[in-house]
Structures are given as structure tokens and as C-alpha cells.
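Beneath this line is the structure, given in C-alpha cells, with notes to follow.
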Amino acid sequence: MAGLPKAELHLHIEGTLEPELKFELARRNGLGLPYGNVEEMRAAYAFDDLPSFLKVYYEGMEVLRTEPDFYDLAMAYLRKAASQNVRYAEIFFDPQAHTSRGVPFDVVIRGLRRALLDAEKQLGVRAQLIMCFLRDFQAEYAMATLLESLPYKEWIVGVGLDSDEKGNPPAKFAAVYERARQEGYLLTMHCDVDQENSIEHIRQVLQDIRVDRIDHGVNILEDPALVAEVVERGIGLTCCPISNGYVTDSMKVEGIRKLLEQGARVTINSDDPAYFTGYVQENLEALNFTRDEIVQVLRNAFEVTWLPRHLKDGYLAELEAAAVRP
Ligand code: ADE
Ligand code: ZN
């Protein structure tokens, strides 16, 4: 499995901030941290649902201040990804988590962009950025962020929606998503696992917003007609088993397998690996899937990437060649 080429499509760059780098950035920026060392910091990662995770996640990213900070963050992830044979990544970033505390949009995106260019040259990993809006902020702030992103449109492949889903349905962002589509962005959205109104949220993203992909979304199994719809439309579902294990009652492995069996384009990803203690390889291992099932989820991932057809086909050919080797 380690040798197979992979694509990662559900990865929050701020969720890759490992404690070691947090300490280094705090030192660089002259900031104090409420922990004496890396072990103490990790021990304080106590969360058992989405809101308690998000609190730790937003606190952690306060050490990110300058363009080199964002560059180092993204380079560290891309190095780790390359070591697991990730050949292509679509990387979420949360600009509002930074602009809301005074770090300019331009600083964030320039650091990330420079890392992506260097990683492609130095590591052979290709990557694109997906800009996420925070759903627990007002829709007006998301719209303002969308407008602020337009000068950098060539650097952003699509938009997503993350943060706390409770009380923040997809419909709240319908106008933002409509404008994003008009601007040429591709569309995805978190449908986090076991949320209040999970099925209604999944219905909204599929039928009202008409997204190109869904992040998480395993609750779709509760409505066979919606499963049939994602199968028919070839919509990808970016699942994250270890993350599920932290913020819900289980990794939802059986649900993921059922979706795969029913022909949904399920993919396996790491979400926030510095907090959920596993990158894409560990998430694949956690499933205990057969080799054929693993190859199928890797195939699905390349198939639902936001890449042009000829690049998808190149990666798929690489995967098939690697998969037949004994
Ligand atoms: N932000 C970072 N990780 C997230 C997740 N798993 N769900 C919602 N928002 C997030
Ligand atoms: Zn996520």
C-alpha cells in the first residue's frame, strides 16, 4: 500500500501544524505558548466532538503570522505527503481564521502558493488550493472573502465550507456559492458526520447548491435515493476515518465500505493529521480493506480530482501499473 500512488483531497493545511513546528513558529514570532514542551501540548489535545476539536484547532494556528510561516507549514505537509507517495493534493485553507485575527489574506496565500511551486519542483508532488469559508461566521464575511480572493483566482481551484455545522446549514451560503460558481471556482462543502439535520444538509448541497464534491458525507447512507444520486452524478465523497473516530462514536468504516460497494466514489483522506494522529497512509491502514478495495479508493481519488482529464489519466495509469506489481 505504501508504494501505491495516492491523491489526497480532504486536508486542512492548518490541521497539519505539528507541535514541533508550533514551538518553532512561536519562538520565531516572539509568542508564548501555555505548554512547556511537545508532549504537554499533545496531552492537551482533548476533544471528542467537532466543536471541542475546533477550539484546539483555532487556538493552535495563532502562531501562524508571516508569509514564511505559511510556507513552512505547507512545505512540511508536502514533504510528509511525498514520503507516503501522495502524488497530488487538493489543500484546504481557512483565510478567515487568519484575516479575523489581523493576518492579511495576501500573506496567507502567497506563503502557501510559494510552497506549492517549490514542492512540485523539489518533491514531485503537485497540489492545488481550495479556499474554505467558515460556516460559523456570517455569510456576508464569506462573500467579502470571496471577493478578496478574486485577484488570486488563478491560484485557487475551488471553494469549500468548514467549521461548526450545527445551526449553519448549506442554504446559509447559497448566494456565496452561486457567485463562486460564476467566478469559475469548483464547489465542495463539508457535510460533517452525525450532525443535526445531516441528511437535509446533504440534500441541500446536492440539489440546491449543486456541488461538485462532498467532504465527509457518510450519513448519505440513511437516504438510498441520495446515494443513487451521487452514484449517478459521479460525485466524490472525501471520507476521513481516523478523524471520524475522534469527533464521532466510530471511524464509520462499515459505512465507508457500504458506499464503496454501492458504487459511490469514496476517497480516503486525513483531514487534520497533526491533531488526529494519522496521515493518508495511516487512514488507509485503519480501514482493514482488501487490496482491491484500497486500489478502488485510490482510483476514485484520482478520478474525482479537480485536474484536467489528461493528468487524471496519467496518474490512473501510474496507479494501475503499481497495483499489478506483486
Ligand atoms: N476545520 C478543520 N477540520 C474540520 C472538520 N473536520 N470539520 C469541519 N471543519 C473543520
Ligand atoms: Zn475537514
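Applying the set (1) away from ligand 2 (no atom under 13 Å from the Cβ); (2) closer than 23 Å to residue 177 by Cβ; (3) surrounded by 21 or more Cβ atoms within 10 Å (Cβ to Cβ) to residue 280 leaves exactly one unmet item: (2). If you go through segment 147-187 and keep only what is in contact with a Ser or Thr (Cβ under 9 Å, 6 or more places away or on another chain), within 25 Å of residue 48 (Cα to Cα) and either more than 12 Å from ligand 1 (Cβ to nearest atom) or not charged (D, E, K, R) (or both), you end up with 160, 161. Filtering 272, 215 for residues that are more than 17 Å from residue 7 (Cβ to Cβ), within 14 Å of ligand 2 (Cβ to nearest atom) and either free of Cβ contacts under 8 Å to residues at least 40 places away in the same chain or acidic (Asp, Glu) (or both) leaves a single hit, 272. Taken across segment 173-183, residues that are farther than 20 Å from residue 141 by Cα, surrounded by 18 or more Cβ atoms within 10 Å (Cβ to Cβ) and at pLDDT 95 or above do not occur at all.
Filter segment 148-172 down to residues that are among the small types (Gly, Ala, Ser) and in contact with a Phe, Trp or Tyr (Cβ under 9 Å, 6 or more places away or on another chain) and give me whichever is nearest to residue 137 (Cα to Cα). Don't jump to the end; show me each part of the working.
At the first step, the residues of segment 148-172 found to be among the small types (Gly, Ala, Ser) are 149, 158, 160, 163, 167, 171.
Still in the list and also in contact with a Phe, Trp or Tyr (Cβ under 9 Å, 6 or more places away or on another chain): 149, 158, 160, 163.
Details: 149: 17, 158: 19, 160: 14, 163: 9 Å.
The selected residue is 163.
Taking the listed residues 21, 78, 54, 25, the one that is part of a helix (DSSP H, G or I) and within 16 Å of ligand 1 (Cβ to nearest atom) is 54, with no other qualifying.
Matching residues to (1) closer than 20 Å to residue 198 by Cα; (2) surrounded by 20 or more Cβ atoms within 10 Å (Cβ to Cβ); (3) modelled with pLDDT of 95 or more:
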site: 224; (1), (2), (3): yes, no, yes
site: 251; (1), (2), (3): yes, yes, yes
site: 254; (1), (2), (3): yes, no, yes
site: 275; (1), (2), (3): no, yes, yes
site: 284; (1), (2), (3): no, yes, yes
site: 302; (1), (2), (3): no, yes, yes
site: 305; (1), (2), (3): no, yes, yes
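If you go through segment 223-231 one residue at a time, do you hit one that is in contact with a helix residue (DSSP H, G or I) (Cβ under 8 Å, 6 or more places away or on another chain) and within 16 Å of ligand 2 (Cβ to nearest atom)? No, segment 223-231 has no match at all.
Remark: pairs (first residue in segment 84-110, in contact (Cβ under 8 Å) with a residue 60 or more places away in the chain; second residue surrounded by fewer than 18 Cβ atoms within 10 Å (Cβ to Cβ) and in a helix (DSSP H, G or I); Cβ separation under 7 Å; 6+ apart in sequence or on different chains) = 97/58.
Pick from 81, 44: which is among the small types (Gly, Ala, Ser) and in contact with a strand residue (DSSP E or B) (Cβ under 7 Å, 6 or more places away or on another chain)? Give the derivation first.
On the way: 44 fails: in contact with a strand residue (DSSP E or B) (Cβ under 7 Å, 6 or more places away or on another chain).
Just a single option satisfies the conditions, and that option is 81.
The values are calculated or read from the model by the stated rules, or taken from the named source; none is laboratory data. Note that the coordinates shown come from a computational prediction; the quantities given were computed from them, not determined experimentally. Glycine also receives a Cβ, built like all others from the backbone with ideal geometry; neighbour counts cover every protein chain displayed.
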